[in-house]
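Heads up, the thing below is written out as structure tokens.
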Amino acid sequence: SIPKEFMLCPLGSSDKFVRIVENQLLVQSRDEALGVAFQEFFQAAKFSLWWLPEVNNMCRLRARETAGQGMEGGINVSFTFEAGQEEDDSIESACELSADQDMKRCNLIVSASPFSQGAYRFEGAFWPGRYMAYRSPEQLRMAGKVDEGNDVADFVLVDFSAAYKFMTTSEVLKGAVDSQGGAEGGYVKLSDLRADLQVRLYFQQMLGSAVWNNKDFETFFEGHYEEWDFDAKKSRVRMRPDGPLMRQAAKASKVAINGASQSPMDVDGGAGSTAGTASPEPSGLGETLSTSNSQAATVKLLLDANGDDLARLSHSAAVPVLSRLAESETSADKLQNLTAARRRFLITLPVLLGGKKDRRRDSLPLTTLFSMHKDVIAIKSFEKELSDACEGAVESISELIGTRVRHVPEEVSLEMLPELLSLPLNWRAVAEPLADALSPLLKNQKPGVLLQPLRTACKLPKSARPIAEALAGVELRGITYAEGSVAAEILLALAENNCQISTVASKLRPPLLQRLPLPDLVSIVAALGEQGLKDDLLRPPLQAKVAVAGPGLALVPPSRLLRLATASQQSSCIAQTALGPVAGAAAQSLESWTAEDVSELMLLVATSGFAENSPGAKRLFSRVTEVLTPRLSALSATVLLKVVVAAGAAEAHCRP
């Protein structure tokens, strides 16, 4: 389907667009329009079709700003042929932009390209065989005979909402610098620039990569020194005062003062930035979308709406729209339009949500924002091809959620904590306020209630550590009275994620120590050893229960015993105290071990330097030959090599 507003891109020249330049129509790339800023370039490349009822597919190609005017109005693409020139293929006309309403000069027939799906061609309605064509380097002609070697008569109609994809990296960064307070030439910290939502979206959706590290940015700024002034010592940057970015900003300000319209696609105040105050919401569109009584009606409104108007919708108007789009649809006839509407709205959502200057005033309640997040996830589950657009929308919603947590912390509840911890928040800014908001809610919670949020919080970046510490503190305070299995889960979660491990070790004392299931205690001690905990903190639980467990240790699953044995490589205390008993316990149940695990345990015990002469090691080595000999033909080369090396190290205890 043809977008309501689009850019004309000659087939095979994806970087070139038909533009209106002083009432002339030129075909230019951004590199060819030197000194022209993003907004200025693409505002001059926006067109639409005005359909005429007389003949099927008859239309007028209009500049987007005049598309709403009727047949007797508007600025059209026109051309001039004289009577009697119908049959003369050598005569052609330049395409111009004018207010001429003569149907012979501006009526066109649009048809699908015979060569490329999704491309179109424009034929003079009263001049059969004459097509609008691009002729290098920048001419747009109505040709009597298309020169296949030099002319391109097929055009791709690129949805105008995708114009932001053609922003340069410097323009994206300029928008972020503006939003961080550097619009007048001030410095901005590199860390703030890397955390900016629009920068993250650009790298994720456009470049398909993670945001550059500081060294990458330093290289970029040094390579674009004419635009950027980078202070390496303080890791900060600003737009060079006499550079092209500042000159473009001054030019844009002058245009705005003189009354020119500003587009939300403007890198200085729209899709590429959160700077500036967004234009008022378009009259009626938000209300019409909010009151549409079906998904089909919402889809039609979205596909027919002006992209600029969509980007200026209020936050509250976006909520019912997203809810409608999240509804399932099984009809194949409706699914194509629904997918197009979903894509269009999701791409617009970061602009819509990010374009408000005062987010504290405009932001929605947390419950509403979480509802929006669920709607986006639902859409992603329906349509995998919209994953990138959905991820951008989630980042935008998460940005507002983080802002809301910082400024309205009383809206936080324990019920929303699991979903909150799953979001890509700026934890450096959110962690402390969220921990403070949770503090009164965490009182008097039973041990284990917060276990799942605790596990999630422990896996977050280091900047989110205050959340994990707050949850861990609550669980550890009540752990003395918890059931043994619950207490074990809490301690293991903390030990495996290196959170308050000294406190975890201090809890492995009577009476709690006696209530912990032995398999869980083995895993906890192994995890503490893996984290490099000091020997004096590990020795008490090992000596008090693990090393003296006797036959009970043989009932511990092989995977847990092997984990404890492997941890002996990081902890001499485990090697000295527990490795011998583990070897003895394994000898009792060696038939249930895999050959690979047996070879691994043999190698650990034989090369430990502490346990190879222990009674447990002797029992293990004496049983290895008995257990592994029947399996020799099935052993892999790796396993066999480990067995040979271990046997050589423990030769005195293995029969040749």
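Scanning the stretch 302-319 turns up one or more residues that are open to solvent by less than 20 Å² (accessible area, probe 1.4 Å), within 23 Å of LEU201 (Cβ to Cβ), at pLDDT 75 or above and more than 25 Å from the chain's Cα centre (by Cα).
Within the option set LEU450, LEU417, LEU438, LEU434, being crowded, with 21+ Cβ neighbours inside 10 Å, free of Cβ contacts under 8 Å to residues at least 40 places away in the same chain and touching a Pro at 6+ places or on another chain (Cβ under 6 Å) holds for one residue only, LEU417. Any idea which residue in the stretch 99-131 is farthest from VAL55 (Cα to Cα), counting only those that are more than 41 Å from the chain's Cα centre (by Cα), touching a residue at least 40 places away in the same chain (Cβ under 8 Å) and part of a strand (DSSP E or B)? If we take residues in the stretch 99-131 being more than 41 Å from the chain's Cα centre (by Cα), touching a residue at least 40 places away in the same chain (Cβ under 8 Å) and part of a strand (DSSP E or B), then GLY124 is farthest from VAL55 (Cα to Cα). When VAL486 is tested against (1) open to solvent by 10 Å² or more (accessible area, probe 1.4 Å); (2) under 27 Å from ALA435 (Cβ atoms); (3) in contact with an Asp or Glu (Cβ under 9 Å, 6 or more places away or on another chain), exactly one condition is not met: (3).
Out of curiosity, is LEU528 in contact with a Cys (Cβ under 6 Å, 6 or more places away or on another chain) and crowded, with 20+ Cβ neighbours inside 10 Å? Reasoning before the result, please.
Details: in contact with a Cys (Cβ under 6 Å, 6 or more places away or on another chain): no; crowded, with 20+ Cβ neighbours inside 10 Å: yes.
So LEU528 does not fit the description; no.
Among residues of the stretch 542-571 that are without any contact (Cβ under 8 Å) to a residue 60 or more places away in the chain, those with a beta-carbon under 8 Å from a residue that is among the β-branched types (Val, Ile, Thr) and open to solvent by 40 Å² or more (accessible area, probe 1.4 Å) at least six positions away or on a different chain give the pairs PRO558/THR594. Within the stretch 203-213, restricting attention to residues that are surrounded by 13 or more Cβ atoms within 10 Å (Cβ to Cβ) and without any contact (Cβ under 8 Å) to a residue 60 or more places away in the chain, which residue is nearest to SER235 (Cα to Cα)? Ranking the qualifying residues of the stretch 203-213, first place goes to TRP212.
Where helices (runs of 4 or more DSSP H) fall wholly inside the stretch 543-656, the ranges with 1 or more residues that are touching a Cys at 6+ places or on another chain (Cβ under 7 Å) and open to solvent by less than 10 Å² (accessible area, probe 1.4 Å) are 615-628. With respect to (1) in contact (Cβ under 8 Å) with a residue 40 or more places away in the chain; (2) open to solvent by 10 Å² or more (accessible area, probe 1.4 Å), the lone exception for PRO53 is condition (1). Of all residues in the stretch 152-167, those that are at pLDDT 85 or above and not aromatic (Phe, Trp, Tyr) total 7. Taken over the stretch 71-84, the criterion of being modelled with pLDDT of 70 or more, under 19 Å from GLY129 (Cα atoms) and part of a loop (DSSP other than H, G, I, E, B) is satisfied by PHE79, THR80, PHE81, GLU82, ALA83.
If you go through the stretch 508-526 and pick out every residue that is charged (D, E, K, R) and modelled with pLDDT of 95 or more, you end up with 1. Hey, any hits in the stretch 502-514 for a residue that's within 21 Å of LEU442 (Cα to Cα), among the hydrophobic types (A, V, I, L, M, F, W, C) and part of a helix (DSSP H, G or I)? The answer is yes, given that some residue of the stretch 502-514 is within 21 Å of LEU442 (Cα to Cα), among the hydrophobic types (A, V, I, L, M, F, W, C) and part of a helix (DSSP H, G or I).
The values are calculated or read from the model by the stated rules, or taken from the named source; none is laboratory data. Because the structure is predicted, anything quoted here is derived from the model rather than measured. In this analysis, Cβ positions are derived from the backbone assuming ideal geometry, glycine residues included, and neighbour counts consider all displayed protein chains. Ligands, DNA and RNA are stripped out before the accessible areas are found, and what is left, the full protein with its side chains, is counted by its heavy atoms. Shrake-Rupley method; radii C 1.70, N 1.55, O 1.52, S 1.80 Å.
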